[in-house]
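The values are calculated or read from the model by the stated rules, or taken from the named source; none is laboratory data. Everything numeric here is computed off the predicted structure, so don't read it as measured data. All Cβ positions, glycine included, derive from the backbone under ideal geometry; neighbour counts span all protein chains shown. Ligands, DNA and RNA are stripped out before the accessible areas are found, and what is left, the full protein with its side chains, is counted by its heavy atoms. Shrake-Rupley method; radii C 1.70, N 1.55, O 1.52, S 1.80 Å.
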Amino acid sequence: MTGASGHLGGALARLHAAPGVELTLWGRDTAKLEKIARTCREAGAKVGVLAQDLEDTSNAVAALCAEDARAPIAVAYLVAGLGDTCAPGQWVEPPEQVLRLAQVNFAAPAALASALAARMAERGTGRIVLIGSAAGHHALPFAASYAASKAGLARFAQALRIAVAPRGVQVTLAVPGFLATPGRREAPGAPPMLLEVDEAARRIAQAARAGKGSYVTPWIFRVLHLVDRVLPGPVRARLLRAMAP
């Protein structure tokens, strides 16, 4: 599991921790990663950890393949991601920010999923869960690279799912809305319909076990996606500009 030191990744790790389960947790924050690992071990799971920055994608792919060769991975959650927006006073994001988000949110999870899907296809079984975002459904002018990276991941997940389904490999794209992290819950003007992180993890795991190709939660974000598609272009543009933080 990548992104295990984050809120959603940590919740998914805790959800799956149980006697007889072996977890490999990846994350950038070593202290948080070790804390989550301890909790999972206390639940009876065997846990390994790896501090891994997905911007070093080639090394991450090599590490994943080595891990799979040591002990074949049955289920992979690729959760890691970055979020960022235009700084105050900027019309567009700086190019280095665009590159970083494209690498971590799209290129790295896509490369990891591709490498693992090939190995799972050879075995004839496996499940990969990619974490998208409702932002991928909308052309957000203040977060263009984030929205685009998640949109690209969604299309990649769809294509990968079609490619490996005949070989017994399931690919699920989970699209959560706003999660009730401590910072977001306490921030002024918190977005509506915040979803508790543990509940989001439970819903995502349930959707993956059910073999769903795509899963959006809460339901309001499915409605907003449909509304976005039918609105006239000028109206959509005005609304999206008005959403800027």
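So which residues in segment 74-93 are hydrophobic (A, V, I, L, M, F, W, C) and either in contact (Cβ under 8 Å) with a residue 40 or more places away in the chain or buried (at least 17 other Cβ atoms within 10 Å of the Cβ) (or both), if there are any at all?
Answer for segment 74-93, where residues must be hydrophobic (A, V, I, L, M, F, W, C) and either in contact (Cβ under 8 Å) with a residue 40 or more places away in the chain or buried (at least 17 other Cβ atoms within 10 Å of the Cβ) (or both): 74, 75, 76, 78, 79, 80, 82, 86, 92.
Just to be sure before I move on: is residue 13 within 15 Å of the chain's Cα centre (by Cα) and within 24 Å of residue 171 (Cβ to Cβ) in the structure I sent?
Yes; evaluated as a whole, the condition is true for this residue.
So in segment 141-168, with the set limited to residues that are modelled with pLDDT under 95 and not in a helix (DSSP H, G or I), which one is most open to solvent (accessible area, probe 1.4 Å)?
Within segment 141-168, the match that is most open to solvent (accessible area, probe 1.4 Å) is 141.
Take the residues of segment 95-140 that are open to solvent by less than 30 Å² (accessible area, probe 1.4 Å) and not in a helix (DSSP H, G or I): which is farthest from residue 64 (Cα to Cα)?
This residue is 140.
Residue 83 - would you say it is out of contact with any Asp or Glu (no Cβ under 8 Å at 6 or more places or on another chain) and at positive phi?
Working: out of contact with any Asp or Glu (no Cβ under 8 Å at 6 or more places or on another chain): yes; at positive phi: no.
So residue 83 fails the test.
Residues checked against (1) open to solvent by less than 20 Å² (accessible area, probe 1.4 Å); (2) in contact with a helix residue (DSSP H, G or I) (Cβ under 9 Å, 6 or more places away or on another chain); (3) among the basic types (Lys, Arg):
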residue	(1), (2), (3)
1	no, yes, no
7	no, yes, no
12	yes, yes, no
19	no, no, no
32	no, yes, yes
37	yes, yes, no
63	no, no, no
67	no, no, no
72	no, yes, no
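Of everything in segment 1-56, what is part of a strand (DSSP E or B) and polar (S, T, N, Q)? Give them in sequence order.
Quick first cut of segment 1-56, residues part of a strand (DSSP E or B) only: 2, 22-27, 46-51.
Those that are part of a strand (DSSP E or B) and polar (S, T, N, Q): 2, 24.
Return the residue satisfying two criteria in turn: it lies in segment 39-59 and is touching a residue at least 40 places away in the same chain (Cβ under 8 Å) and among the polar types (S, T, N, Q), and of such residues it is surrounded by the fewest Cβ atoms within 10 Å (Cβ to Cβ).
Here the answer is 57.
Please go through segment 91-140 and pick out each residue that is farther than 24 Å from residue 165 by Cα and of a type in the set (Lys, Arg).
Passing the criteria: only 100.
Restricting the first residue to segment 120-146 and requiring it to be free of Cβ contacts under 8 Å to residues at least 12 places away in the same chain and under 20 Å from residue 108 (Cβ atoms), which pairs with a second residue that is of a type outside the set (S, T, N, Q) and in a helix (DSSP H, G or I) meet a Cβ separation below 6 Å and a spacing of at least six or different chains?
Within 6 Å, no pair qualifies.
Do any helices (runs of 4 or more DSSP H) entirely within segment 178-235 hold 3 or more residues that are modelled with pLDDT under 65 and under 14 Å from the mean Cα position of the chain (by Cα), and if so, which?
none
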